[in-house]
Amino acid sequence: MDPGDSDRLFTFVVSKTHEQEESAVTRSGFQIHSPHISTSDPVTDDHGTDVEIPKPRLLSGETTQGFLTATYVQRTILSEPLDRRTYNHLGLLQLVTDNALVLSEDLDENAIGALMNVSLAKAFPNQHRKWRSEGQRIEDKFKREHDERQEAVLQDLERSLASLQDTIRVNFAENVANLFPSLDPGSLRSGSTPESLDRDQRVHASTQLAQLEQLYPDFTNIYRKSSEQAKFGTIKAHDYQFLKERLIFAHHLLQKHPGLRAEQQAELIEALLSEGDLKYAKQVLPKSKDKKSQTVWSRAFKIVFSGPDDDEEESFKNEMKDVATHIRDSDFLTGLKDEDHQGLQPAIHEVEALAHSYLSSLIESTAHKTAHSVLRMQQNHCRIMLQRETEAGKGKALKEALLQLIRELNEEFASQSKP
């Protein structure tokens, strides 16, 4: 309008610039497919009717939109499952805000947690606090019960260590007794235990061992490995090995030279069984070569002696050791039962006592070591089993609390969606 003449009007038209014309872009629309949009029966144009009139039309509003339909559709609440669809945070927020949801009872904790973080925690703060509080209570409860049960079980295992060690000791002693049938089995286990009690002890130990094998899969490997490492069939005591070598040769030489007088036999035995010079033992033997007796020991020898021709004492000792290594300790101790020479009896009793002492000590130390290895295995096994039981019970309780939350939320949604 001209300020000087109020009756004159001017109209101005602003044209788009060249750049604005080039930036104009047309975009295609979108389609909505929904089974809930009511449509009329199909109409043909046989009678000149416009078929576009009965079709639903979208009515745009400032905040909401609607459809104009050919027939009246009464207001109803419609539900539609949201299966196999992915929502980002904004889409999920809009979905939760704009709709009355019905939550599936199969939703897990992660899914409910995501919905809570988006909107439900603000919309239903009481239910959210109750659920979180209940979850923490369940966590604390099962942790406390787990710790108490674990402590009690571990203490029970600790208290049963002595019984476990005794069971293993008796079974190891039974194995050793089978390896050395000439030794007294009772002395390897419990000294002067009566035979009736000893038999009951063996049966009980065998039963306990079978139960351990059934309860703990790793027990058999621990038991077998400990037995193999102990090498019960070999007696390594120095004094025992010394007497073993000397007794073998004393027996062999006495059998080889049966014509020795009693005093010569006594001198030979004393020279062989002492730790002194062996040259004197050679001097006692006659130069003649008698036919040797075919005993169990003599048949086991791989070295045949023709007499003390060698003046080297070290060579004589090496020969004794060589022969002794070819005779197992179990065969050696069994052969002692057939030895009737009175001059050898003291040494025989001593070597048997040394064998008993070594094997008993070995059984005790191996049983102690094995029992502690089994105890650690039992403790680890019980920890794993208790943890599994705790997790299973806690998971069930948390699932029940989650299910209760879902049902309460669904009740709230249902009450909000009523007309």
Accessible surface, the range 83-162, averaged per residue in Å² (probe 1.4 Å): 71 Å²
Where Lys and Arg each count +1 and Asp and Glu each count -1, what net charge lies around PHE124 among other residues with Cβ under 13 Å from its Cβ? +2
Once amide H atoms are built 1.01 Å from N in the peptide plane, which residues 5 or more positions from PHE67, or in another chain, come under 5 Å H to H? LEU59
Hand me the tally of lysine pairs in the range 198-279: alpha carbons under 30 angstrom apart, and the pair either on different chains or 8 or more positions apart. 9
Please report the base-10 log of the normalised intensity I(q)/I(0) for the range 318-369, using a Debye sum with one equal scatterer per alpha carbon and no solvent, at each q in 0.14, 0.30 (1/Å). -0.49, -1.11
Measuring from label point to label point, each 7 Å out along Cα→Cβ, what is the THR234 to THR97 span in nm? 8.3 nm
Each label sits 7 Å from Cα toward the beta-carbon; between ASN110 and ARG376 the label points are separated, in nm, by 3.7 nm
Per its Cα gyration tensor (rounded if a/c is under 1.5, else prolate when a/b beats b/c, else oblate), the range 101-192 is best filed as prolate
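Give me the Kirkwood hydrodynamic radius of the range 201-249 in Å, from all C-alpha pairs, to one decimal place? All intermediate terms of the calculation are to be shown ahead of the outcome.
Details: mean 1/r = 0.0736 Å⁻¹.
Roughly 13.6 Å, rounded to one decimal.
The values are calculated or read from the model by the stated rules, or taken from the named source; none is laboratory data. Just so we're clear, the structure is a prediction, and the values are computed from it rather than from any experiment. Cβ sites come from the backbone with ideal geometry, for glycine too, and all protein chains shown count toward neighbours. Calculation scope for accessible area: heavy atoms of the full protein, side chains included, ligands and nucleic acids excluded. Shrake-Rupley method; radii C 1.70, N 1.55, O 1.52, S 1.80 Å.
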